Amino acid sequence: MTTTNGTDEAMTVEQGTGGVPRTDDAGPEGESFGARDSGWQELVTAALLGAERRVLPGGSAAGLLDRAATATVRARAGMTAASPGPLPEPAPHDPRPEIPRAAAARCRTLFSGARGSSHAATSWSAPRPHAEQLLPEWLELANHLGYRPPHAQLPLVLDAARARDHRQAALAFAGPRGRWLAGLNPAWQFATKEKLAATAPGPGAAGSGEAGLSRWQQGAFADRVSVLTALRAHDPAAGRELLAGTWQSERAEERLVFVDLLRDGLGPADEPFLEAALSDRSKAVRAEAAGLLTLLPGSALSTRMTERALACLRLREADDGTGPELVVTAPTACDREMQRDGLVAKPPTGQGERSWWLRQLLEAVPPSTWQEQWGGRSAEEIVALPVTAEWAETVRLGLILAAVRHDDRGWARALLGDPARPFPGGPENAGRLLGLLPPADRAAWAAGFVASQGLGPAGAVLSRCPAPWPAALTSAFGEAARTAWRTKKHHPSTHAAVLVTAQHFVHAAGARPMIHRLAEEATAAAEVERRAEAAARAAAKNTRTRPAVPGDGLAQGWLRAFSSFAHTLEKRGQMRAELLAGAPDPHG
């Protein structure tokens, strides 16, 4: 409880002391205040004794508190300045030219918007392009042209670099002065990993290592994450030993984050620590440790999981003599040892137990294992093998997830197959596999997929293709959009995610004529639709019935969608013009 008149900290009353103010040798700033001002001690004494035993300074309790408040302010105003520490090194010179003035204004808008948004816009009819989605293209061009940001905007650039999607490009744009500035603010420590590694505790880091050890032992959680992240990048063994020293005293949610940080620099020496973590009190920590151990070839857990998976799949000649086929024997139980190794016993709603256990086993094993086991067959040959219909979908999904977990590009290509054929794993899993391929290969496969499958299932695939899309993918999207519009089977809101992604990712110059033509068609159709609606309302008024709405507003919906698309393309064109300022456009 605090009683004040003009200040919040003039005098503190402890609970359980009958309302008697706390007294000690400390004054308003927690130092030996009485030595500097005996008046403070007089106020404290008067407050302790009370009005019955002593005349209060100021003549009343309120006057006493007024004087205490005044003394507090006076003490704070008269504090001796802290001793100055060593000055930081001057900011290094950045030889790159500053972005043009018009681009500087755009820079401020984009980086402020990216910093202030927690998610990208998803409305197909959004009137303004979202900074979060425009920023990658702007950064790519600014870095390509060799520009630097205005010095005053460096804090905005560093704030935007917090997002991992923007970090690499934003830090390149920030340049040497940005890295220098990041070193002065703990909130930007992600940009100074080398500096953090040098100050983190570890072998050969005497002196400066004490600062890192202090931050690990006493710092906030974010500081501790920064120290361990930097140390794992610099000296993985020292990072693991640092964590082991405090592991038992960490909270479950902290252990989960820390064990995930071991992914950076993961190696065989980490196995004993991770194997011990399989017995952790937290289910989430156990699962994370198991996942990391599956990424260590030759680890005891990886060997155990491989043996279990090999018992589930075997190759044999088909009874009809048509060639080899896969025979599946799914697990019949998920025992304690399997659960300790990371398998989840209870399946999701709607999935059978055996199918669920089989999928998890296949995901844990590197897909190259099957090539080694089955005579060096290629991934394409194994994917093409016939499988019992009951288990075909589960086996396919398990192999897809294994390729993603183990970052196997060859298996990703084999599992994706021909984009003109329906993908048996669904578009979400196709997108996961695409993420393993180089950008040009992603775009080529996605173009074939969109051309054959249309806009409906394309969202998860197109979102994996970085901007700007090449001409072939832009053209494939345009044809799919035209088909969706002209058939008018669905309202454009059905394709909201695809349209929002595309308007920020298509090749702007190539898409602009196509979108304008579609907008013109939609404008004419929307006018016809509005006239029909007006006629229907007039007829209903005369007959006193509810009017039917011809076309259900589809044309007007598509018009809004195409207008939003055209507006975004216009903004993207303005962005490029501001940055180029006479320089050749690298994307035409």
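Just a few scattered comments:
- The residues on offer are Arg263, Arg232, Arg240, and the sole one that is of a type in the set (Lys, Arg), under 18 Å from Leu296 (Cβ atoms) and loosely packed, with under 14 Cβ neighbours inside 10 Å is Arg263.
- Restricting attention to the range 195-221, the residues that are assigned to a helix (DSSP H, G or I) and at pLDDT 80 or above total 7.
- Looking only at the range 348-367, residues that are modelled with pLDDT under 95 and crowded, with 16+ Cβ neighbours inside 10 Å come to 0 in all.
- Filtered residues of the range 338-355 (kept if of a type in the set (D, E, K, R) and in contact (Cβ under 8 Å) with a residue 24 or more places away in the chain): Arg340, Asp341, Arg354
- From the list Ala402, Ala379, Ala420, Ala414, the one residue that fits, being within 30 Å of Leu473 (Cβ to Cβ) and at pLDDT below 95, is Ala420.
- Candidate set from the range 558-588 (those that are over 14 Å from Phe505 (Cα atoms) and of a type in the set (Asp, Glu)); member that is modelled with the highest pLDDT: Glu578
- Condition check for Arg224 on (1) modelled with pLDDT of 95 or more; (2) of a type outside the set (Ser, Thr, Tyr); (3) surrounded by 20 or more Cβ atoms within 10 Å (Cβ to Cβ): one failure, at (1).
- Selection of the range 243-260 for residues being assigned to a helix (DSSP H, G or I) and surrounded by 14 or more Cβ atoms within 10 Å (Cβ to Cβ) yields Leu243, Thr246, Trp247, Glu254, Arg255, Leu256, Val257, Phe258, Val259, Asp260.
- Odd one out for Phe423 among (1) among the aromatic types (Phe, Trp, Tyr); (2) more than 26 Å from the chain's Cα centre (by Cα); (3) not in a loop (DSSP other than H, G, I, E, B): (3)
- Which listed residue, of Arg377, Arg432, is surrounded by 14 or more Cβ atoms within 10 Å (Cβ to Cβ), assigned by TED's automatic domain parsing to the domain that holds Cys312 and touching a helix residue (DSSP H, G or I) at 6+ places or on another chain (Cβ under 9 Å): Arg377
The values are calculated or read from the model by the stated rules, or taken from the named source; none is laboratory data. Values in this document were obtained by computation on a predicted structure and should not be read as measured data. Every residue, glycine among them, receives a Cβ derived from its backbone with ideal geometry; neighbour counts consider all protein chains shown.
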